[in-house]
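Nothing in this text is a laboratory measurement; each read-out follows from the coordinates by a stated rule. Computed from a prediction, not measured in an experiment: that's the story for all the values here. Methodologically, a virtual Cβ is constructed for each residue, glycine included, from the backbone with ideal geometry; neighbour enumeration extends over all protein chains shown.
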Amino acid sequence: MRTADRLNKLPPYVFATVEQRIAAQKARGVDVINLGIGSPDLAPPKFIIDALYQSALRPDTHGYAGYYGTPALRKAISDYYARRFGVEVDPATEVQPLLGSKEGLANMALAFVDPGDYVLAPDPGYPTYSMGALMAGGEAWTMPLHEENDYLVAFDEIPRDVAAKATIMWLNYPNNPTGVGAPMGFLQDAVAFAKEHEIILCYDNPYCDLTFDGYVAPSVLQVPGAKEWAVEFNSLSKTYNMAGWRIGMAVGNAEAISALTTIKTNVDSGIFRPVQDAAVAALTGDQSWLLERNGIYQRRRDIILEWLPKLGMSAHPPKGGLYVWAAVPEGVNCEDLAMEVLEKASVWMTFGTAFGEHGAGHMRLSLCVSEGRLREVGERLSRAHIL
Ligand SMILES: Cc1ncc(COP(=O)(O)O)c(C=O)c1O
């Protein structure tokens, strides 16, 4: 069978490969503790599930739900941006609901990348930014994130000829995997860079409501004039513990949203109506539970931060997101370490290079595991004497 050339350029999605490996271990009866992915282990509150259920009971909610999302959902998203960030987005033209934000990230490249075009993607970074570029026949140009620069992109290090060929720049703060937030001044620089080079600034913000120690994360759309060049991607996956439900959104520049929607109308057929109705409930209902939920993640974070140094690893407390980004001792290969930890302690952590070559020397530990299990990870690791 001859597959398309683009498939040869595409490495297997790292988390899919790992999922298979862990499933094989579990099938053999091994009690693996998986700190690999950021899939919330807590359920959404009952009022959101009730909205799903009530909608699913109706006979008229099971057909195709439309390409553009219900007017109620578009309005709920627009109202959320107004309430949360003080940002006005027109529900009719500047909002597009997504089947989870990941499809939007990949489809954005199909809408804006031609062969020969560059996509600027942070490294370490969420793999879909560069994979979308490759699937569209373009190239990913990596923007290294260095600890010395607080893991912020250094725009002045992007060569002018690269910027000239770039059609999309991806940024993501609170950042996966490093956990840092972006100051407003940085977002202003990002918008200025996008404007100067006429690049669409795609700001991936799924962790904006998953923050610690009182940190309030901004939206790039708060920068005056941002809508001229920016689209923000957001998601109910992490904020509302709805990762499996597959619902997210793109908001911002109307022309970019319309291009993305044209791709989507040809690829998918909309979001299951009860999921949309539940999303409206999530976005418009009581938000106070989020603070309590973030407290749970923060306590988990602190447990990891407590045992990490005893094992020779170190980390800055993340400001947001679902991960601790831990530096391994000098000279240790993170991929080898991940395999050894899996073998000797039955714990899976994602090695830093899964997020790009600049992730070397790091491991990413997910907070989506209970406090008890996280303590057990610390015990297992110290018993295994790996580091
Ligand atoms: C930075 C980032 N962007 C996007 C996503 C995709 O989220 P979803 O497709 O569930 O909305 C994730 C998921 O882990 C992520 O970490």
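Whole-Hz Karplus ³J(HN,Hα) for segment 257-271, in order, using 6.51 cos²θ - 1.76 cosθ + 1.60 and θ = phi - 60°, x for Gly and Pro?
Whole-Hz 3J(HN,Hα) from phi for segment 257-271: 4, 5, 5, 4, 5, 4, 4, 4, 5, 8, 10, 10, 10, x, 9.
Near the amide H of residue 87, under 5 Å away, which other amide H atoms are found, from residues 5 or more places off or on another chain, if H is placed in the peptide plane?
When sequence neighbours closer than 5 places are left aside, the close amide H contacts are 82.
What FRET efficiency, computed as 1/(1 + (r/R0)^6) with R0 = 22 Å and r the Cβ-Cβ distance, is obtained for residue 198 and residue 88, rounded to the nearest 0.05? Let's see the in-between values first.
Details: r = 24 Å, r/R0 = 1.08.
The computed FRET efficiency comes out at 0.40.
So, counting K/R as plus one and D/E as minus one, what does the shell of residues with Cβ under 12 Å around residue 168 add up to? Walk me through the numbers before you get to the answer.
On the way: positive: 165; negative: 114, 117, 139, 198, 204.
Around residue 168, the charge tally is -4.
So what J values fall out for segment 32-49 if you push phi through Karplus, 6.51 cos²θ - 1.76 cosθ + 1.60 with θ = phi - 60°, rounded to Hz, Gly and Pro as x?
7, 9, 9, 9, x, 10, x, 9, x, 8, 9, 8, x, x, 4, 5, 6, 5
Under 10 Å, Cα contacts only: if you run a Gaussian network model on the chain, which one of 251, 153, 332 comes out with the highest mean-square fluctuation?
With Cα springs under 10 Å in the chain, the top fluctuation among 251, 153, 332 is at 332.
Within 10 Å, count the other beta carbons around each residue, average over each peptide in 199-212, 216-229, and list them highest first. Display every interim value, and only then the final one.
Working: 199-212: 24.7, 216-229: 19.4.
Packing order, densest peptide first, comes out as 199-212, 216-229.
Tell me the mean residue ellipticity at 222 nm calculated for the chain from its helices only (DSSP H runs of n ≥ 4, each -39500 (n - 2.57), averaged over every residue, nearest 500). List each step's numbers first, then the result.
Values: 14 runs with 162 residues, N = 387.
The helix-only estimate for the chain comes to -13000 deg cm²/dmol at 222 nm.
With +1 on the Cβ of every Lys and Arg and -1 on the Cβ of every Asp and Glu, and nothing else charged, how large is the dipole of segment 231-387 about its Cα centre, in debye rounded to the nearest 20?
On the way: 16 positive and 17 negative charges, 74 e Å.
That gives segment 231-387 a dipole magnitude of about 360 debye.
Straight-line reach only, C-alpha to C-alpha below 12 angstrom: list the aspartates and glutamates that residue 238 could link to, leaving out same-chain residues fewer than 8 apart.
Cross-link targets: 41, 209.
From the phi of every residue in segment 299-309, what ³J(HN,Hα) in whole Hz does the Karplus formula 6.51 cos²θ - 1.76 cosθ + 1.60 yield, where θ is phi - 60° and glycine or proline is x?
Working through the residues one at a time gives 5, 5, 3, 5, 5, 4, 5, 6, 8, 3, x Hz.
With the contact rule set at Cα under 8 Å and sequence spacing of 6 or more, what percent relative contact order holds for the chain?
Details: 743 pairs, mean separation 89.2, N = 387.
That works out to 23 percent.
Check the straight Cα-Cα distances from residue 227 and name the lysines below 16 Å, setting aside those fewer than 8 residues away within the same chain.
Candidates past the 8-residue exclusion: 195.
Based on the alpha-carbon gyration tensor of segment 240-362 and its eigenvalue square roots a ≥ b ≥ c, which shape applies: rounded if a/c is under 1.5, prolate if not and a/b is larger than b/c, or oblate? It would help to have the intermediate numbers written out before the result.
Values: a/c = 2.61, a/b = 1.72, b/c = 1.52.
The shape class here is prolate.
Taking amide H positions as placed in the peptide plane 1.01 Å from N, state which residues far from residue 166 in sequence (5 or more) or on other chains have amide H under 5 Å from it.
For residue 166, whose amide H was placed from the backbone, the distant partners under 5 Å are 118.
Taking amide H positions as placed in the peptide plane 1.01 Å from N, state which residues far from residue 141 in sequence (5 or more) or on other chains have amide H under 5 Å from it.
Those lying under 5 Å, H to H, from residue 141 are 119, 120, 121.
Return the single residue from 280, 119, 162 with maximal mean-square fluctuation; model: Gaussian network over the chain, springs between Cα atoms under 10 Å.
162
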